[in-house]
Every structure is written in C-alpha cells, then in structure tokens.
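As structure tokens, the structure follows; a few thoughts come after it.
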Amino acid sequence: MCGIVGFCGNKQAAPILLDGLSKLEYRGYDSAGLAVRDGSAQVQIVKAKGRLKELYAKTNGGQSLIGTCGIGHTRWATHGEPSDVNAHPHYNKNKNIVVVHNGIIENYLKLKQKLEKKGYEFVSETDTEVLAHLLDYYYQGNPLQAITKVMHRVEGSYALGIMFQDHPDELYAVRKDSPLIVGETENGCVIASDVPA
Ligand code: GLU
C-alpha cells in the first residue's frame, strides 16, 4: 500500500500533487502517476516507472499539466509488475472516469472475468483497473450512486481517489480498511493517504 494525493481548488494541481507525493516517498514505491484536468476538458494522465523524479521530468515539474483538479499516486505493486502501464491512475475506455487506489481488491479476478464477458477491455495487470471499468458499468451520471454500487461488489481494502469528467471540480474519496484523510485549505480541498502529504 502506498500513496495517494488529490487536490481540487483554485491553484494549479500538478505541482501540489508532486509535492504531496514527495512527502510520501518515505513509504517506498515502484512507480508514480498523475491525472489532472482543466474543467470539463479530457483528463491528462502521465505515469512513470521508477522514482518520482521521472514524473517531475516527464511533466516539467508539473508545469506541463494544466488544471486545478487532479489525483496523484505512488504505487507499491501487489498485482502486476512495476511498469508505466500498471502505474496508477487507471481509467475506463473513454478516460472519463479515473481512479487511484491503495490496497488490494481481493475478488478482482472474478469481477474482471465478468466485465470482460460484457466487452470491457483491460490494458493493465492490476487489480485496480477493475474499479475503473466497474464504475463505468454502473455510472449513469450520479457518481455517489455508482461508487456505492462498486463498494457493494468489491472485497478487500481500499482507499480511492476518483474523478468523473462530467463532474468538473469534484473529487471523490472512498476508503475501507486503508487510510485516507480529507483536508480543506483556503485554496481548495485535499485528500491524502497520510498526514505529511
Ligand atoms: N493493488 C494495487 C496495485 O497493485 C495498488 C497497490 C498500492 O497500494 O500501491 O496496483
């Protein structure tokens, strides 16, 4: 289990997310990623295997990702090798639902097989990707309704940061048996898997 940081407010998100992730480096990780969006424009996702400095380099310190709402993740792989593809965030086919996850989805294989039968295609080897497609399956415009249905289906421990493209400037945070905290500042809201971030 590794790190989650999310920010939604009136400042550029990417530098804040990178800074938060750097405060969680002490936990160890094998890859990292960011998803940032500007209003209802399509989300931009950048991932990098290895150290956080790779993600800093790929995003010019966060400057190349424009938007005031985003989620970031440092991964400690449990399902699927450390790689760019397996790094979080994960997303549905249209990239309008984006998820970061700490923890393990115990019944992911069963859910994955069911979703594949319904035509969902998986690109990663992670347990996490099942969450993105399951949210897609249940999503009919109401994020809380879809998230609640997903929580009833998945078994395991999780802290999640989720963004829905058609709900700009909103960030959804979910947790069960994994830490996640919510903070409010004068510049916006923050979620984090640990206090230093
Ligand atoms: N189980 C997930 C994965 O392997 C999340 C790991 C984590 O908590 O960093 O991608």
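The numbers here are math on the coordinates, done by the rules we state, and not lab data. Small disclaimer: the values here were computed from a predicted structure and weren't measured. Positions of Cβ are backbone-derived with ideal geometry, glycine not excepted, and every protein chain shown enters the neighbour counts.
Under 14 Å from the Cβ of Pro196, count the other residues' Cβ atoms, weight Lys and Arg +1, Asp and Glu -1, and hand me the total.
Numbers: positive: Lys23, Arg27; negative: Asp19, Glu25, Asp194.
With Lys, Arg at +1 and Asp, Glu at -1, the neighbours total -1.
Listed by chain and number, the lysines whose alpha-carbon sits under 17 Å from that of Lys117, ignoring those within fewer than 8 places in the same chain, are Lys93. Across the cross-link table entries Lys47/Lys176; Lys23/Lys95; Lys11/Lys110; Lys58/Lys110; Lys23/Lys110, which are compared at the Cα atoms, the separations over 30 Å belong to Lys11/Lys110; Lys58/Lys110; Lys23/Lys110. The alpha carbon centroids of the stretch 1-49 and the stretch 156-191 are separated by 12 Å.
So what's the convex hull volume per residue for the Cα atoms of the stretch 1-94, in Å³? Show your work: numbers first, answer last.
Values: hull volume 8.1 nm³, N = 94.
It is 86 Å³ per residue.
Please give the length that would be gained between Trp76 and Ala41 if that part of the chain were fully extended, namely 0.36 nm times their separation in residues minus their C-alpha to C-alpha distance (nm, one decimal).
Numbers: separation 35, 0.36 × 35 = 12.60 nm, distance 2.97 nm.
Working it through step by step, the gained length comes to 9.6 nm.
For the chain, the convex hull drawn through the C-alpha positions has a volume of 98 cubic angstrom per residue.
Taking each DSSP H run with n ≥ 4 as -39500 (n - 2.57) and averaging over every residue of the chain yields -7000 deg cm²/dmol at 222 nm. Cα extents for the stretch 127-186 along the principal axes, largest to smallest and rounded to whole angstrom: 36, 28, 17.
Charged neighbours of Met151, selected by a Cβ distance under 14 Å, balance to +1 (K, R count +1; D, E count -1).
In this label model, His152 and Arg27 are separated by 3.0 nm, measuring between points 7 Å along each Cα→Cβ vector.
With N residues in the stretch 119-161, what two-decimal value do you get for its Cα radius of gyration over 2.2 N^0.38 Å?
On the way: Rg = 10.5 Å, N = 43, 2.2 N^0.38 = 9.2 Å.
Ratio of Cα Rg to 2.2 N^0.38 Å: 1.14.
About the Cα centre, and with charges only on the beta carbon of Lys, Arg (+1) and Asp, Glu (-1), how big is the dipole of the stretch 1-128? Nearest 20 debye, please.
220 debye
Between Asp169 and Lys118, residue separation times 0.36 nm minus the direct Cα-Cα distance comes to 15.3 nm.
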